[in-house]
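These notes concern the structure reproduced below.
The values are calculated or read from the model by the stated rules, or taken from the named source; none is laboratory data. All of these numbers come straight from a predicted model, not from anything done at the bench. Neighbour counts run over all protein chains shown; Cβ positions are idealised from the backbone, glycine included.
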Amino acid sequence: MTVEKNIITIQSNVRGWLSRKNNIYIKFKKLQTQFSDEIIGYHMINKTPIKEAVWEEINTNIVSSVCYITDQANGNHKSGKDNKFDKFNISNKSTKKDGDNISLSSYRLTSVCSDKVNGNMQDIIKEIEKRDNSFDYYSILIRNEKEHSKIEYAWYIIPKDYHIFKIDKLTPKFGKIGKKKGDIVGWMSDYCDITFSMSSQLWYKFNIRDIEKYKLCSVEIANNKPKINYSQIFHSFGNTI
């Protein structure tokens with residue numbers, strides 16, 4: 001019986017180790033210090049808020065101590081996956097908070113719907129699902145620009161199949177005024193919006209409370225402090241390039 005108990009204990013420990021190793025939330029929850037350091041470090045130099053391509057680079061820096069990083073998109077704006085953190089395929093996104101409302105840009109869908117060819121629900125959903133196949137999680141940086149030049153940043157890792165990103169039906173949007181009155185001008189559902197005049201871009205729209213359980217790290221910075229310029233960096237570290 002002792003041998004059997006030992007085997008069961010070992011098996012349990014191995015399963016637990018594999019579970020922790022393969023759980024993206026356990027892996028990333030401990031990265032608050034790295035997250036804060038990267039965000040604060042960026043704003044020691046830059047006044048511009050962190051957006052898409054910059055977030056991709058900062059995100060890889062944050063997770064580099066716990067993940068092997070491959071497939072970096074380097075801001076090339078292709079649909080879907082931007083990075084691979086260990087076995088996790090990641091799509092990096094960033095956006096600005098508007099009260100409790102979040103608008104997150106996604107794919108341009110002119111290949112399946114436009115003001116010239118309105119398209120149909122099945123083809124549009126099929127195209128979105130095809131592009132979604134390249135990644136597993138959204139890694140989203142949401143910023144809240146406050147008074148007195150303060151910015152709060154929060155990092156979320158959200159499964160792509162979470163309900164706010166799962167589109168199972170679309171409803172046509174009709175024009176209400178002018179030449180477009182009565183014409184289909186886009187498509188919409190509970191959590192998304194597609195407007196032909198905006199390059200048929202897919203936008204996800206939801207309340208911040210819908211994703212609160214996926215929040216990993218946050219930090220607030222004062223963006224009115226004097227910045228270090230590139231010349232100062234050069235003279236501080238010498239010509240090592």
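A few remarks follow.
- Tally of residues being closer than 10 Å to Asp115 by Cα and surrounded by 14 or more Cβ atoms within 10 Å (Cβ to Cβ) across segment 184-207: 6
- Test: Ile228 is over 24 Å from the mean Cα position of the chain (by Cα), at pLDDT below 95, of a type in the set (A, V, I, L, M) and in a loop (DSSP other than H, G, I, E, B): yes
- Segment 208-232 - residue that is within 20 Å of Lys160 (Cβ to Cβ) and β-branched (Val, Ile, Thr) and, of those, surrounded by the most Cβ atoms within 10 Å (Cβ to Cβ): Ile211
- Listed by first and then second residue, the pairs with beta-carbon distance under 8 Å, at least 6 apart or on different chains, first residue in segment 181-202 and closer than 13 Å to Met121 by Cβ, second part of a loop (DSSP other than H, G, I, E, B) and among the aliphatic types (A, V, I, L, M), are Trp187/Leu170; Met188/Leu170; Ser189/Ile167; Ser189/Leu170; Cys192/Ile167; Cys192/Leu170; Ile194/Leu109; Ile194/Leu170.
- Selection of segment 61-71 for residues being surrounded by fewer than 18 Cβ atoms within 10 Å (Cβ to Cβ) and either at pLDDT 95 or above or in a loop (DSSP other than H, G, I, E, B) (or both) yields Asn61, Ser64, Ser65, Val66, Tyr68, Asp71.
- Checked across segment 90-105, the condition of being farther than 29 Å from Met44 by Cβ and either surrounded by 15 or more Cβ atoms within 10 Å (Cβ to Cβ) or acidic (Asp, Glu) (or both) holds for at least one residue.
- Index of the failed condition, Ile211 passing every other in (1) part of a strand (DSSP E or B); (2) β-branched (Val, Ile, Thr); (3) under 24 Å from Tyr25 (Cα atoms): (1)
- Taken over segment 164-199, the residue count meeting the criterion of being within 22 Å of Asn133 (Cβ to Cβ) and either under 20 Å from the mean Cα position of the chain (by Cα) or in a strand (DSSP E or B) (or both) is 8.
- Candidates Ile7, Ile39, Ile26, Ile50 - the one that is part of a helix (DSSP H, G or I), among the β-branched types (Val, Ile, Thr) and at pLDDT 95 or above: Ile39
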